[in-house]
Amino acid sequence: MYSEEFYRVALTLMEGFGPATMKKMLRLAGSAANVFVKKDLWMSQVRKRGKAALVLSISDALRRRVDEELRLMDRNGVRQCFYLDGDYPYRLKSCADGPLAFYYQGARDFNAPRMLAVVGTREATEYGRSAVRKVLSELGDADVATVSGLAYGIDTEAHSRSLEYGLRTLAVMGCGLGTVYPSQNRRLAAQIVEQGGSLVSEYSYQTQPDRLNFPRRNRIVAGMVDAVLVAETAEKGGSIITAHIAQSYNRDVFAIPGSIFDSHFEGCHALIRKNIAAMVTSGADLLEMMNWEPHAMGVQTSLFVELTDEEQQVIDLIRASGSTPIDALSEALPDFSPSKLAGLLLGLELKDVIECRPGKIYSLTMTSVGSSRRHLTDRP
């Protein structure tokens, strides 16, 4: 029998099953090792059971691949963040097509309270670069972490300015961590790790850049964050794909406007025109729309509201963290279906106990600050 780490890497290298099926197997089995050695825990509840039994085995070829991957990881300071880990990104965990695992170098902190993706064209204009600098320079006091793709143009500007302005930044790569693409960004990649950020990839260490990998990595960029800022893009391209993925994940999308005569911004204008993205012209705009600015606490008044036990569970979770994204609530309340949780949240909003802020982040209203078992009241 191999180690749990061995089985985890083995699962990421196997083909024939989508992430949703793999995640179901893991939830039923409880560990990667059990997926292989205790198939009775999940087999009866997964389709194509015969195929699963046949495929999920450790062949000599797979064993050699896993051993080589583990060797490269150990030599190069690469670690894996797995779906069952407690610190797997909770935002990404709510995405059905999120990766089973990903590899990373640098800090293992993927659940910062405020995360913003900055994406855009590889052929960035000076206006687009200046716009990124302006927005990011105004986020320094808001403790925002940025995410981008380490590509030419806007991605490079986003990572570079984040480092300059003291923002932690994560680079999601479309190749293995053994290759920095483009090669001109090797120093930038090293600086990201040195200054407390991370390099992230779902691909094995030696995977080379491939044009099909980059659209796939966009779902990770969109899934890891609260909001996506499209800084500059034509009407077609990876940034438009990322914006639409983010919208499908219920993330907030923002876009920077440009000249109506400049084709480099046609994509931004289309996103705004179609109400997919809100227009921003400064970091202050973004902070206000995301409600990321500090809020002064007012005078609290008593409020007596009848709460069910299920509503009380939701309230307790929101109170514990101050403000809670819906993804985190869903993760913490696995027995509540999405529709049931949505109904509870709507009911609490109608009772004026909670409020929904941009990014589907829930917090208690100003008047609801303490509670008994079934009544919401003030506490001294």
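Structure summary
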| item | result |
| --- | --- |
| Verdict on residue 110 being part of a strand (DSSP E or B) and aromatic (Phe, Trp, Tyr) | no |
| Filtered residues of segment 113-153 (kept if more than 22 Å from residue 177 (Cα to Cα) and in a loop (DSSP other than H, G, I, E, B)) | 113, 114, 121, 123, 124, 125, 138, 139, 143, 144 |
| Qualifying residue in segment 316-323 (condition: farther than 28 Å from residue 243 by Cβ, outside the structural domain of residue 138 (by TED's automatic domain parsing), modelled with pLDDT under 85 and of a type in the set (Asp, Glu)) | yes |
| Matching option when the condition is part of a strand (DSSP E or B) and either of a type in the set (Asp, Glu) or touching a His at 6+ places or on another chain (Cβ under 9 Å) (or both), among 349, 331, 355 | 355 |
| Contacts under 8 angstrom Cβ, first residue in segment 72-101 being free of Cβ contacts under 8 Å to residues at least 60 places away in the same chain and small (Gly, Ala, Ser), partner crowded, with 18+ Cβ neighbours inside 10 Å and not in a helix (DSSP H, G or I), 6 or more apart | 77/105 |
| Cβ pairs under 6 Å, 6+ apart, first in segment 33-60 and at pLDDT below 80, second aromatic (Phe, Trp, Tyr) | 56/36 |
| Yes/no for residue 276 being touching a residue at least 24 places away in the same chain (Cβ under 8 Å) and surrounded by fewer than 24 Cβ atoms within 10 Å (Cβ to Cβ) | yes |
| Some residue of segment 45-54 being under 30 Å from residue 326 (Cβ atoms) and under 28 Å from the mean Cα position of the chain (by Cα) | yes |
| Residue match in segment 204-225 (condition: surrounded by 24 or more Cβ atoms within 10 Å (Cβ to Cβ), under 21 Å from the mean Cα position of the chain (by Cα) and among the hydroxyl-bearing types (Ser, Thr, Tyr)) | no |
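To keep it simple, each residue is scored yes or no on (1) of a type in the set (Ser, Thr, Tyr); (2) at pLDDT below 85; (3) loosely packed, with under 11 Cβ neighbours inside 10 Å.
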{"position": "258", "(1), (2), (3)": "no, no, no"}
{"position": "272", "(1), (2), (3)": "no, no, no"}
{"position": "281", "(1), (2), (3)": "yes, no, no"}
{"position": "302", "(1), (2), (3)": "yes, yes, no"}
{"position": "307", "(1), (2), (3)": "no, yes, no"}
{"position": "327", "(1), (2), (3)": "no, yes, no"}
{"position": "331", "(1), (2), (3)": "no, yes, no"}
{"position": "334", "(1), (2), (3)": "no, yes, yes"}
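The values are calculated or read from the model by the stated rules, or taken from the named source; none is laboratory data. Not measured: the values here are computed from a predicted model. Methodologically, a virtual Cβ is constructed for each residue, glycine included, from the backbone with ideal geometry; neighbour enumeration extends over all protein chains shown.
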